[in-house]
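Enquirer: Please read through the structure below; I'll follow up with questions.
Every number in this text was worked out from the coordinates using simple rules, so none of it is lab data. Owing to the predicted nature of the structure, the values given are computational and were not obtained by experimental measurement. Backbone-built Cβ (ideal geometry, glycine too); neighbour counts: all protein chains shown.
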Amino acid sequence: MATKKKAKTTKSAAKKSAAKKPAVKKVIAKKTVAKKPVAKKAAAKKTAPKAKARSVKAPAKKAAAKKSAAKKANGNGSAYPAPSTAAWGGAGKALDGVKILDFTHVQSGPTCTQLLAYMGADCIKVERPGVGDITRTQLRDIKGQDSLYFTMLNGNKRSITIDSKNKKGMEILERLVKTCDVLVENFAPGALDRMGLTFERVHELNPRMIYASVKGFGPGPYEDCKVYENIAQCAGGSASTTGFREGPPLVTGAQIGDSGTGLHLALGIVTALYQRNRTGRGQRVLCAMQDGVLNLCRVKLRDQQRLKHGPLTEYSQYGEGIPFGESVPRAGNDSGGGQPAWLLKCKGWETDPDAYIYFITQAPVWAQICDLIGKPEWKTDPDFATPPARLPRLKYIFGVIEEWTMTKDKFEVMDICNQQDIPVGPILSMKEIAAEESLRATGTVVEVDHPGRGAYLTVGNPIKLFDSPCEVQRSPLLGEHTEEILTQVLGYTDAEVAEIKTSGAITPPEKPARAA
Ligand code: COA
């Protein structure tokens, strides 16, 4: 039903994007022009040290000649290869060839590595023999099967079981360190050091390794603390600014502490890989969950500073005549930006908890809003005609708009308003999202088959790269790829694998025999 009703909206969206295209092109063109001198500079820098070495080493001469031949072949004067002529999506994936030693567990780290695996990285997830990532067994919906908590965060990965506290196990891990490009971990502070995999040791084994961590807090008084999602939401400023003024602080359902920080880390890793192309060496990347949440809450730190200069006039509290305190208050469903907004009831709200629409009174379409809700006189009434005049009356204004929205269901409001360019958004339940055809069509919601639990829904890659296709694959069973990785990635022989099997490095420790 939702899809049908949205058809008109999509049409108008297509119209809009067509109209906007030239602007986008302009930006891209600008960027390309700006980049060239930088690339040239870098290339010049690169040739300088090589020129020095020329008198000593003949091969350097050859390499330089090869490079300049490549440049000529490009015809673009840069050190980049000539543009691929393969069909779009036929030139491999963005992170093809990148190997990740995935030491992550629970949610934050796995979010990061799953995304990199979606982009084409070979993600090798190391798990404790017999136990695995704790989320395999948490919030289980099917007895004896990997939970959705695990399966939805570990797609496109391979699983190897290694006991890092076993001597042979550490030997295997060190081989993995030498082979991989990125190590990602989100253990409690100090856990990896206790295993013997300090940054210094890893850098010694593989100077090209990018060593990426999620921790709860950055350096400071709380750096040694363990942290879960809601702790980060509380410590990062989100909870104090979420909820209603008269209620307690509130955590949000969006996992901004875990998944949000995982996304930050993924950007850090890709950036470090890019820098490594130039420097040849890896580096540490650290994302603290408190920092990640604050980064997502920056508009509230903005408001904190604005408070010094007077009340926050776009908050409905201002219109209600309630004085502001010293900190940014909770603002309910107020908009966080400059266009006043509120959540309004729609037809059926008495029985459907999700029959609501988020309505933004964007100033440029105020006239359309007035006509739609049957208040054309507000277009010229000095109490309503301008944004500053409306600020102290927002509660009343939204009450009147709501009288109109309550006569329509949320999809009707969405359809009618978008035809007038009025930005609104229906509250979609997870049931509606799971059934939404357009999300399936774009690969944002994907159904994956699993040998143990059968088909399940997962969230595919929300970042669409048009030359790097993403096929979402199921999560691995515990240790499913242990032998494959030992032989194909690390080059162990069959005899060596047999020896590893008896060492306890990849199997759970044997239980001590019971006394008779
Ligand atoms: N072989 C042997 N031991 C292993 C292992 C392996 N393959 N993989 C992990 N372990 C061990 C670690 O060495 C560590 O043991 P130690 O404490 O004796 O040194 C232990 O398993 C796991 O450590 P820890 O991270 O403390 O797990 P936890 O369940 O107690 O804590 C968190 C979970 C999430 C609170 C904690 O990891 C943390 O704060 N992480 C950083 C912040 C974060 O990412 N939080 C969000 C999670 S979604």
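Enquirer: Which of the aspartates and glutamates could be linked to LYS165 by a straight reach, that is with a Cα gap under 15 Å, when you skip same-chain ones fewer than 8 residues away?
Expert: Leaving aside aspartates and glutamates fewer than 8 places away in the same chain, those within reach of LYS165 are GLU127, GLU174, ASP193, GLU510.
Enquirer: So for the stretch 244-295, taking the charge dipole from beta-carbon charges (+1 Lys/Arg, -1 Asp/Glu), which of VAL293, THR271, LEU250 sits furthest toward the positive end?
Expert: Among VAL293, THR271, LEU250, the one farthest towards the positive end of the dipole of the stretch 244-295 is THR271.
Enquirer: With r defined as the distance between the Cβ atoms of ASP224 and LEU391 and R0 fixed at 60 Å, what FRET efficiency is calculated, to the nearest 0.05?
Expert: With a Förster radius of 60 Å, E is 0.85.
Enquirer: Which part of the stretch 243-264 falls in the paramagnetic zone of ASN295, meaning amide N under 11 Å from the point 7 Å along Cα-to-beta-carbon?
Expert: Answer for the stretch 243-264: 260-264.
Enquirer: Let me spell out the model: positive unit charges on the Cβ of Lys and Arg, negative unit charges on the Cβ of Asp and Glu, origin at the Cα centre of the stretch 311-386. What dipole size does that give, in debye rounded to 20?
Expert: Using Cβ point charges on Lys, Arg, Asp and Glu, the stretch 311-386 gives about 120 debye.
Enquirer: Which of the residue pairs LYS226/LYS464; LYS375/LYS408; LYS93/LYS167; LYS375/LYS410 have a Cα-Cα distance greater than 26 Å in the structure shown?
Expert: LYS226/LYS464; LYS93/LYS167
Enquirer: Something else: LYS178: which aspartates and glutamates have alpha carbons under 12 Å from its alpha carbon, excluding same-chain residues fewer than 8 sequence positions away?
Expert: The qualifying aspartates and glutamates are GLU204.
Enquirer: If you find the alpha carbon centre of the stretch 443-471 and of the stretch 340-364, how far apart are they in angstrom?
Expert: The stretch 443-471 and the stretch 340-364 have Cα centres spaced 31 Å from each other.
Enquirer: Give the relative contact order (percent, whole number) for the stretch 395-474; include only Cα pairs under 8 Å separated by 6+ residues.
Expert: Taking the mean separation of contacting Cα pairs over the length of the stretch 395-474, I get 16 percent.
Enquirer: To continue, here is another question. Which distance in Å, rounded to a whole number, links the C-alpha centroids of the stretch 93-159 and the stretch 308-323?
Expert: Computed from Cα coordinates, the inter-centre distance equals 46 Å.
Enquirer: By how many nm would the segment from ARG208 to LEU343 lengthen if fully extended, with 0.36 nm per residue of separation less the alpha-carbon distance?
Expert: 43.6 nm is the gain from fully extending ARG208 to LEU343.
Enquirer: Looking at the stretch 288-397, which GluC sites (Glu not before Pro) are DSSP coil and have at most 12 other C-beta atoms within 10 Å of their C-beta?
Expert: GLU320, GLU326, GLU350
Enquirer: Starting from the Cα gyration tensor of the stretch 90-239, take the square roots of the eigenvalues, sort them a ≥ b ≥ c, and report rounded, prolate or oblate (rounded when a/c is under 1.5, otherwise prolate if a/b is larger than b/c, else oblate).
Expert: rounded
Enquirer: If each residue of separation counts as 0.36 nm, what is the full-extension length gain between GLU326 and GLU432 once their alpha-carbon separation is subtracted?
Expert: Taking 0.36 nm per residue and subtracting the Cα distance, the gain is 34.1 nm.
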